[in-house]
Amino acid sequence: MTVKHHPTPELLARFAAGSLSPAAALVVESHLSMCDTCEGEARDMTALGGVLLERLAPADLDARLFERTLARLDEPRPASASAGRARRTTPDLGIDLPAPIAGRVNSGWRWMGPGMAFTRLDVPEDERTSLVLLRIAAGRRMPTHGHSGAELTLVLQGAFTDEHGRFAKGDLAEEDGDSHHTPVVIGTETCVCLAAIEGRLRPHSLIGRLVSPFIGL
Amino acid sequence: MRPALSDGEPLDGHEAARLVAAIAAHGDRQAFARLFAFYAPRLKSFLTRQGFGASDCDDLIQDTLLTVWRKAGQFDLQSGAVSTWIFTICRNLGIDRRRRLVRRSRVAELETPEDLDPTPLVDSDLISREEEARVRKALGQLPAEQAEVIALSYFGDSPQTEIARRLGIPLGTVKSRVRLALTRLRQLLGDFQ
């Protein structure tokens, strides 16, 4: 697999700093699981956090914070979290999902038009961003649309093209507005994308336009 | 006991690792005090920039340093990067706290299980002192203005407006400055590989 479209350095930095919304972080993390180059760069960006921490100007602390912390050193250690409840069986979507999102599937594919289906993934800790999987049949053309919301789209299977190029498995499309798309699924394989859509779904956004009637936003 | 040292005194990577080793070996409270004195005020700066209020900051600083105390034995004393380790502990606790707050407010509506795994992000155990030193060196070779742009954008809660204000440049050029600085840093990191 040759990934051609990678996250921008800013996106990787925000990911490493812990500043991305949970849904967006899952898309980036899924990309890292498919791209060794970016996995290495995300490590550099994480080490950058450590180096920058050393250089931050110290802030004033509550004078008693040290004593309060010291008093807790002898507390019994919390039992290490158990491996967690056995996951409920999740619907089989018929594709291999990247590990970061594998446990997030809640419902099967839902029809949203000829050759198009979606499912919304479970990210209850995110109130601002929706995470969806979208499945589009080969040769299908999406409607031309303007774009006004931040969207991260990762190709998991198949490929599409638009004005920005060809996006195949592992490629990440980063949209922050102002762009226009006419994405067309190419090749013979059904295209499956993972998308984080920020804010209220906007009627003109790439994925938002398609799924908003179905997820009640 | 008081936190030893003034918080301004630098702590180099080897010294920090030695302190973690002393905690691991015999629960050395003086060593803990020195780590606290250096890192706690800086963690507060980090958390404040991430948008946490004063009481959340205090809780997260305590929890971060308690984790350092408890997990010192698991830290790779030979080659681990202390600053990056402490940074990732604090960052992950912060992410976890934000998630719990949101989930608690939505749980009635969604009835989701409480045990979804938090995103592990990048495993800091894999980041070595050598890697951290490489990043430190690359950052040190950037022009001061680019290093500042990176520092401001990395931690800022509303990065672009903050940078525009601090550097006195138009909002519209902030994005390209950040991109340029990070791209240059990446080139330097590549050169040092």
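Show the residues, 5+ positions off or on another chain, whose built amide H is closer than 5 Å to the amide H of A:Ala59.
It is B:Arg42, B:Lys44, B:Ser45, by chain and number.
In whole angstrom, how far apart do the alpha carbon centroids of the stretch B:124-193 and the stretch A:10-46 sit?
Here the answer is 16 Å between Cα centres.
Please arrange B:Phe32, B:Phe192, A:Phe118 by how many other C-beta atoms lie within 10 Å of their C-beta, fewest to most.
Least crowded to most crowded, the residues run B:Phe192, A:Phe118, B:Phe32.
Around A:Ala23, under 12 Å between beta carbons, what's the net of Lys plus Arg minus Asp minus Glu among the other residues?
For residues surrounding A:Ala23, the net value is -3.
Net charge around A:Arg110, counting only other residues with Cβ within less than 13 Å of its Cβ (Lys, Arg = +1; Asp, Glu = -1)?
Once positives and negatives cancel, what remains is +2.
Less than 12 Å Cβ to Cβ from A:Asp62, Lys/Arg counted +1 and Asp/Glu -1: what total charge do the surrounding residues give?
-1
Let me confirm one metric for peptide B:87-94, namely the mean number of other chain beta-carbon atoms within 10 Å of its residues' beta-carbons.
Other-chain Cβ atoms within 10 Å of each residue's Cβ, averaged: 4.
Modelled label-to-label distance, A:Arg110 and B:His26, 7 Å Cα→beta-carbon offset: nm?
6.3
Lysines within cross-link reach of B:Lys44: Cα-Cα under 28 Å, excluding same-chain residues under 8 positions apart?
Within reach: B:Lys71, B:Lys137, B:Lys175.
Sort A:159-169, B:165-175 by the packing proxy (mean of other Cβ within 10 Å over each peptide's residues), most packed first.
Output ranking for A:159-169, B:165-175: A:159-169, B:165-175.
A:Thr2 versus A:Asp92, label points 7 Å from Cα toward the beta carbon: distance in nm?
3.4
All of the numbers you see were taken from the coordinates with simple rules; none came from a lab. If you're wondering where the values come from, they're calculated on a predicted model, not measured in any experiment. Positions of Cβ are generated from backbone atoms using ideal geometry, with glycine treated the same way; all protein chains shown enter the neighbour counts.
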